[in-house]
1. Can you give me the angle between helix 3-20 and the longest principal axis of the chain, using Cα atoms only, in degrees from 0 to 90, rounded to the nearest 10?
2. Please report the base-10 log of the normalised intensity I(q)/I(0) for the chain, using a Debye sum with one equal scatterer per alpha carbon and no solvent, at each q in 0.13, 0.18, 0.20, 0.22 (1/Å).
3. Modelled label-to-label distance, Q4 and N58, 7 Å Cα→beta-carbon offset: nm?
4. Helix-derived [θ] at 222 nm for the chain: sum -39500 (n - 2.57) over DSSP H runs of at least 4, divide by residue count, nearest 500?
5. I need the GluC sites (Glu not before Pro) found in the chain, filtered to DSSP loop residues with at most 12 other beta carbons within 10 Å of theirs.
6. Using alpha carbons only, how many degrees (0 to 90, rounded to 10) separate the axis of helix 22-40 from the longest principal axis of the chain?
Amino acid sequence: MNKQKNWAFCEQMAAATVELGTQEALSCMARYMIAIAHDQGISLQFECDLGSLEIQPNEILIKH
């Protein structure tokens, strides 16, 4: 991802935080990252100079 697109995406997340509130915006972001982890069938881990984040999807049991 280039820096300009990255910056634009960060601005969109900041705007969502202002519009929705911190808790709601973070909840939406977390659910989306968990959905990606489920779709890929793996845990996800991110690290940067500010910290780290690990996404571990729960096993979903499908009842027939």
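1. Computed tilt is about 80 degrees.
2. -0.48, -0.85, -0.99, -1.11
3. 4.3
4. Values: 2 runs with 37 residues, N = 64.
The per-residue figure over the chain is -19500 deg cm²/dmol.
5. Values: sites: E11, E19, E24, E47, E54, E59; in loops: E59.
Those satisfying the criteria are E59.
6. The angle comes out at about 50 degrees.
Here, each number is a calculation from the coordinates, and none is a lab measurement. Because the structure is predicted, anything quoted here is derived from the model rather than measured. Every residue, glycine as well, gets a Cβ built from its backbone with ideal geometry; the counts of neighbours run over all protein chains shown.
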